[in-house]
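*Asks:* First the structure, then my questions, so here it is.
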C-alpha cells in the first residue's frame, strides 16, 4: 500500500493522502487544492490517473475515493 500512497503524494504534492484497505479493496482520501473548481468526476479522474498502474495490474480491484479541497475537508 505504500506504493499507492507514494503515487498519490507524487500526483498531489500539496495535499494530504490517506489510504486504507486490503485484499484489493481500498479507500483513498485525498485533500488537495488541485480539486478546486473541479467536478466530482474530474477529481476522481485525477486520483485514478495516479493509481492506474495498480488498477491495471489488479493490485487495486475496488477503489472508493474521497477527494476534497482543504475547505471541504
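No lab work stands behind these numbers, since they all come straight from the coordinates. The structure presented is a predicted model; accordingly, all values stated were derived computationally and were not measured. All Cβ positions, even for glycine, are placed from backbone atoms using ideal geometry, and neighbour counts span all protein chains on display.
*Asks:* Starting from the Cα of residue 57, step 7 Å along the direction of its Cβ; do the same at residue 27; then give the gap between the two resulting points in nm.
*Replies:* Calculated label separation equals 2.5 nm.
*Asks:* For residue 39 paired with residue 66, estimate the spin-label separation in nm (one decimal), with each label point 7 Å from Cα along the Cα-to-Cβ line.
*Replies:* Label at residue 39, label at residue 66, 2.4 nm between them.
*Asks:* Also: Give the angle, between 0 and 90 degrees and rounded to the nearest 10, that separates the Cα long axis of helix 2-11 from the longest principal axis of the Cα atoms of the chain.
*Replies:* Its long axis makes an angle of about 30 degrees.
*Asks:* Related question: How far is helix 40-57 tilted, in degrees, relative to the longest principal axis of the Cα atoms in the chain, given as a value from 0 to 90 rounded to the nearest 10?
*Replies:* Result, in degrees: 20.
*Asks:* Among (1) 3, 18, 32, 26, 14, 6, 1; (2) 3, 10, 7, 9, 8, 7, 7, 6, 7, 6, 5, 5, 4, 3, 3, 3, 2, 2, 1, 1, 0; (3) 3, 13, 13, 19, 23, 15, 9, 4, 1, 0, only one was calculated for this model; which label is it, if the read-out is P(r) over Cα pairs in 5 Å bins from 0, in percent?
*Replies:* Matching the structure shown: (1).
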